[in-house]
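The next block holds one structure in the form of structure tokens; read it before the comments.
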Amino acid sequence: MLAGGRGQHGPAPPGASGWDGWEDDDSWAGVEPPDDAAPDPEEAIAPEDADAVAPTWEERQAEVADLVGRGRHPTTVCSPSWTDEDRRVVEDALTATGTAELADRSVDELSGGQRQRVWIAMALAQHTDVLLLDEPTTFLDLTHQVEVLDLLTDLNRLRGTTVVMVLRDINLAARYADHLVAMRDGRIAAAHPDLWCEAATWEEALRHLWDGATHREERFAVLAIIRSTRSAPHADRLESLALYEHLLRTGQWWDLVDETSHAVGLVVRAHLAAAARMRAWAVDPDLWVRRSAIICQLQHKERTDLGLLTDVIEANEEDSEFFIRKAIGWALRDYARTDGDWVRAFVETHPGLSALSRREALKHL
């Protein structure tokens, strides 16, 4: 794929191939570029901001099939005639990207997601085995982001196309990538081809990213990786509690702690032995560890261990710390969706609960 950027040519008279700058030159006011104006080869990339940057004149006027056909430019430099092979490759690229039905439409009529798929089709028309993409989902809404990444996944799985891309959305990267490379200040912070294979390597990489983080987003990246489907073989291991406890003690704020607590809950649900650890956490001097013990069973519904929930709440019933009182109310309110009678009875038999905890617990009852 060619590098991005506009050409630096001056204005050219009708019939010439260099048209960059014509729009800013008053001497050509009212003159439209001819249909056979040659495209700038530097335009033949999938732009990272396809939905936000206004289309060029060529993009606005070109039909989809014509724009995708320009991907054949590298192969027609020495043999400029259009061949059956060129036509077949373009048709395959349109089909592979789901844009065949758009072939006769102007690029200007397309949505951001459709336009990005067309750019990818143009890159495929180069008949390349490798796609290099710089933030292909930038400025797209979530639906179109998933659409584009699903397309790239299909190209990889079905056609064997190697896809290397830069993504700033850690959740999407963790969801789609086979191999993750985390960058910090232009350098590789963590890269493990077997990150998903070995539990020890997985934990080592996550600790390295977490402890070396200089921005909160880097720590949220760690939590996103833990919750990704590829981490499933490791995330609910009893041994992973040591990692999660480290994240709790060093995270030290509610947003990081609450997200980590979801991971703790995976272990609690998978291993009965984890309940003893939670009871110990419930009386720990660190309030964030105590908070995690209280809320780790959120969304467990009928699989909630009521004995454990009772024990961790009673251990903190008289705690005046806001984040603990809020956690108790949250845990009870969440379980009230499953068994409201149990929660109502619990509140009635525990007069030591704070007003905040009681109000939160009974909020929807």
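The values are calculated or read from the model by the stated rules, or taken from the named source; none is laboratory data. If you're wondering where the values come from, they're calculated on a predicted model, not measured in any experiment. Glycine gets a Cβ as well: all are built from the backbone with ideal geometry, and neighbour counts include every protein chain shown. Accessible surface areas use protein heavy atoms only, side chains included; no ligands, DNA or RNA. Shrake-Rupley method; radii C 1.70, N 1.55, O 1.52, S 1.80 Å.
In the stretch 252-276, how many are open to solvent by 50 Å² or more (accessible area, probe 1.4 Å) and more than 21 Å from the chain's Cα centre (by Cα)?
Qualifying residue count, the stretch 252-276: 10.
Of all residues in the stretch 162-182, which are surrounded by 15 or more Cβ atoms within 10 Å (Cβ to Cβ) and more than 15 Å from the chain's Cα centre (by Cα)? Can you show your working first?
Taking the stretch 162-182 as the starting set, the residues that turn out to be surrounded by 15 or more Cβ atoms within 10 Å (Cβ to Cβ) are 163, 165, 167, 169-177, 180-182.
Answer for the stretch 162-182, where residues must be surrounded by 15 or more Cβ atoms within 10 Å (Cβ to Cβ) and more than 15 Å from the chain's Cα centre (by Cα): just V163.
Within the stretch 123-145, restricting attention to residues that are assigned to a helix (DSSP H, G or I) and touching a residue at least 24 places away in the same chain (Cβ under 8 Å), which residue is nearest to R175 (Cα to Cα)?
As a first pass, look at the stretch 123-145 and keep what is assigned to a helix (DSSP H, G or I): 123-124, 142-145.
Next cut, touching a residue at least 24 places away in the same chain (Cβ under 8 Å) only: 123-124, 143-145.
Values: A123: 24, L124: 23, T143: 15, H144: 15, Q145: 12 Å.
Of everything passing the filter in the stretch 123-145, Q145 is nearest to R175 (Cα to Cα).
If you check A355 against the conditions, is it out of contact with any strand residue (DSSP E or B) (no Cβ under 9 Å at 6 or more places or on another chain) and either touching a residue at least 60 places away in the same chain (Cβ under 8 Å) or surrounded by 16 or more Cβ atoms within 10 Å (Cβ to Cβ) (or both)?
Details: out of contact with any strand residue (DSSP E or B) (no Cβ under 9 Å at 6 or more places or on another chain): yes; either touching a residue at least 60 places away in the same chain (Cβ under 8 Å) or surrounded by 16 or more Cβ atoms within 10 Å (Cβ to Cβ) (or both): no.
Criteria not met by A355.
Going through the stretch 208-234 one residue at a time, which ones are open to solvent by 70 Å² or more (accessible area, probe 1.4 Å), more than 14 Å from I170 (Cβ to Cβ) and modelled with pLDDT of 85 or more?
H208, D211, T214, P233, listed by residue number.
Among the residues of the stretch 139-174, which ones are of a type in the set (V, I, T) and closer than 22 Å to L94 by Cα? So that I can check it myself, show each step before the final result.
At the first step, the residues of the stretch 139-174 found to be of a type in the set (V, I, T) are 143, 146, 148, 153, 161-164, 166, 170.
Passing the criteria: T143, V146, V148, T153, T161, T162, V163, V164.
With respect to D51, is the statement that it is part of a loop (DSSP other than H, G, I, E, B), over 21 Å from R168 (Cβ atoms) and either touching a Lys or Arg at 6+ places or on another chain (Cβ under 8 Å) or modelled with pLDDT of 80 or more (or both) true?
Details: part of a loop (DSSP other than H, G, I, E, B): yes; over 21 Å from R168 (Cβ atoms): no; either touching a Lys or Arg at 6+ places or on another chain (Cβ under 8 Å) or modelled with pLDDT of 80 or more (or both): yes.
Considered against the rule, which asks whether it is part of a loop (DSSP other than H, G, I, E, B), over 21 Å from R168 (Cβ atoms) and either touching a Lys or Arg at 6+ places or on another chain (Cβ under 8 Å) or modelled with pLDDT of 80 or more (or both), D51 comes out as no.
Check every one of the helices (runs of 4 or more DSSP H) wholly within the stretch 252-365 and list those with 2 or more residues that are of a type in the set (G, A, S) and farther than 26 Å from S231 by Cα. Let's see the steps before the verdict.
Values: elements: 254-270, 274-281, 287-295, 306-314, 322-336, 340-348, 355-361.
Per the criteria, 322-336, 340-348, 355-361.
Criterion first (closer than 19 Å to D236 by Cβ, crowded, with 19+ Cβ neighbours inside 10 Å and at pLDDT 95 or above) does W288 satisfy it?
Answer is no for this residue.
List the number of the failed condition for R159; all other conditions in (1) open to solvent by 50 Å² or more (accessible area, probe 1.4 Å); (2) out of contact with any helix residue (DSSP H, G or I) (no Cβ under 7 Å at 6 or more places or on another chain); (3) within 29 Å of L180 (Cα to Cα) hold.
Failed condition: (2).
Enumerate the pairs (first residue in the stretch 198-217 and at negative phi; second residue anywhere and surrounded by 15 or more Cβ atoms within 10 Å (Cβ to Cβ) and of a type in the set (F, W, Y)) with beta-carbon separation below 7 Å, excluding pairs fewer than 6 apart on the same chain, so at least 6 apart or on different chains.
Close Cβ pairs satisfying both conditions: W202/W196.
Residues that are open to solvent by 80 Å² or more (accessible area, probe 1.4 Å) and part of a loop (DSSP other than H, G, I, E, B): does the stretch 183-195 have at least one?
Quick first cut of the stretch 183-195, residues open to solvent by 80 Å² or more (accessible area, probe 1.4 Å) only: 183, 185, 187-188, 193.
Remaining after also requiring part of a loop (DSSP other than H, G, I, E, B): 185, 193.
Yes, the conditions are met somewhere in the stretch 183-195.
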